[in-house]
Structures are given as structure tokens and as C-alpha cells.
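Here is the structure we will look at.
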Amino acid sequence: MSSTQPRFDSDEDQPRPLDELDLAVVHALQIDARAPWTRVAAAVGADAATVTRRFEQMRDERLAWLTCWPKAEQWRASTDLAMVVLEAHADLDAIGALPWVLSVDETSAGVVALVASSSGLRGLGARVRELAEASGTTAPRMHVVSSVFAEDSMWRTRALDARGQKIMAEPAAGDAPSAPKPALVAELAGALADDPRMSAAKLGAQLGVSEATARRAVERAALSGRLGLGCDLAVPAAGLRRGAMLWARSSQLHTAGAQARRLPQSYRVLEVVGPAPLSISVRATTLTALPEIERALGGEIEIVDRWTLLGTHKRNGHLLDDWGRTRGRVEVHW
């Protein structure tokens, strides 16, 4: 695990709010973390020097950071996932240190951890038992994930206008090339974890291939939906200080999941095995926005439970402080 910094608990230490240019830069990098600064500048309507300075300031303040992350398509190919609900007294630091725990959220119903395993459901069960032991809890509830409609790295700040998004040119799913083998995706993720903007020449040297081969491998992994190269941020600094996990039912789960994924406020949408099989995690400026968010989901989705998000301790391998800033990264593997 990389070095960490202490958590921050006082209001005096809350992060500065990010302005529209900051959020536009993050949005551009969420679409393509490896884009040249000149293209990012064209997308946000500023010069390259300003854009570079803005991102470096956010990075130095731990308000934004580049990410390299296996995406849902990669999970479907090789991974079983489970949402595990633990008692509120669970040891957050012990849970966050586990490399196969992808995210950790504190909610009004307990601590929710997203756990991954590549050794089948039996292996997933063993991980849950290990998680309970490490966290100091005795009665974990396990919900096996049967489908991933949206995961955290797919969320966007939506600060870029249509022109800017066109410049960044996020490819449509129909344009996706054939995917690299899972082993190559894992190798790329490991090499790019600390520096997603690493040059193709340096990456090729690490992988023992040519610069052109390395560049093509990254492009294929990204465009095929196996590897996410993006940007994350301290969500409270974007004004989104409240969140909730909604549990829902629908007679048309696939359609409902797709509808929930398109909602601007949703950042994680999972189908699980259980009586309320649709889990929809949303962000908002205030919890009073929940009724409007639920109406936007449509009448075909029946909300049966609502858990308030109290805080996020880990997201996509990054440990977060009480204000959502990165305080270190745990190397992810499962």
C-alpha cells in the first residue's frame, strides 16, 4: 500500500469548492486521461498552460487524481463480485487495506464493502469470511452481484458542454475493437496504476514491447471497455455532499438498470441476487433531492428501501479522508 496521510475531521480542513473550469478539466480527463493537454484545453475553452496548472493544483491538494481501473466488461470476463454489509463498528482501516475490497461505504444500515474474487463463488464466500474476521464483525450479509450496469469510474461531472465532449470524443460502444486477453489488461492496469499518463515509450519498456505495440494495447483495452483511464475527485468539493443507496425492484430488471445508469446522479448501479435486486447509488447536493431522483427513475422501478450514505472510506482502490480527498492507494488485485 502506498503511504497514507491522516484523516481529517474538522470543518476547518474542508476542501475549497471546485469551480466550473476545474470540473470541466476533470470531466475531460474522465473521458480520456491520456489526452494531450492541448486537446483538454480545446475542450474546456482555456489555454494548455492554464489547464495543466489547474490540474496540478487539484492533484497537489488531493482534490483530483488520475485513475486506471478495470471496468465492468473486465469484471464480467473474470470476476465474481459481492456487496457485503457489515456492522457499523467494523474496522474501516482493516477493510480498506484488503486489496480485493474495491470500495467501502459507511451507510445508515452499516458498512458496505464491494468484494471481488476470481476463484468462483466458493472463493467469494471465503473472502467474505476473511472480511468479517478482519473487520471484527460477526454477522456479514452477502449479496452476490449478478450484473454491473454502472460502476464508480463511469460517473461524470457533466461540466463539459456538447462541443467539449465532442472534442474529447468518447467512443460509442459500437466502435469497440476486440478486447485484449484479461492477463494483458491486468498487466496494463498494474503498469499504469501510478501514472495513467505514462508515455507509450516508457510503458513499452516496462512491458518489454515496442512503443507502437504498447500504444495499441492501451487503446484496445480502453476502447473495448476492459480498462478505464480516467479521473476521480473529492466529490464534496464538487458540491455533492449527500448520497444514498436505493434498493429497488422491477419486472424488467435489464431495462430498469439501463434507466438508472443514465440518471445523472447515479454512480453505481448493480443487480444483485436478493428480494430487492437493483442497487442504485446516487449523489446529490441535499437529501431533499431524493424524491425528484426517484421520480426520474420512472414508474417501472419500485423503491423498497433507502440507505443514507454517511461517508466513503475507499473508492476504486483509493483510501479517502472525511472530505473525500485521496489519502493513499491500495494496489488492487483479486
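Structure values in brief
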read-out: Portion, in percent, of the accessible area of the chain that falls on carbon or sulfur, probe 1.4 Å; value: 50 percent
read-out: Hits among lysines - C-alpha to C-alpha of residue 166 under 25 Å, sequence gap 8 or more where chains match; value: 71
read-out: Value at 222 nm in deg cm²/dmol, rounded to 500, when DSSP H runs of n ≥ 4 in the chain each add -39,500 (n - 2.57); value: -10500 deg cm²/dmol
read-out: Residue among 318, 243, 298 farthest towards the positive dipole end of the stretch 195-334, charges placed on Cβ; value: 318
read-out: Largest-first ordering by accessible area, 1.4 Å probe, given options 158, 62; value: 158, 62
read-out: Spacing of the two label points (7 Å from each Cα toward its C-beta) at residue 138 and residue 285, in nm; value: 4.6 nm
read-out: Shape category assigned to the stretch 201-264 from the gyration tensor of Cα positions, a/c cut at 1.5; value: oblate
read-out: Read-out mean projected area of the Cα convex hull in nm², derived from the coordinates shown; its label in [x] 16.0; [y] 16.8; [z] 20.2; value: [y]
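The values are calculated or read from the model by the stated rules, or taken from the named source; none is laboratory data. Keep in mind it's a predicted model, so treat the numbers as computed, not measured. Counting neighbours? That spans all protein chains shown, and the Cβs are built from the backbone with ideal geometry, glycine included. SASA here: full protein model, heavy atoms, side chains in, ligands and nucleic acids out. Shrake-Rupley method; radii C 1.70, N 1.55, O 1.52, S 1.80 Å.
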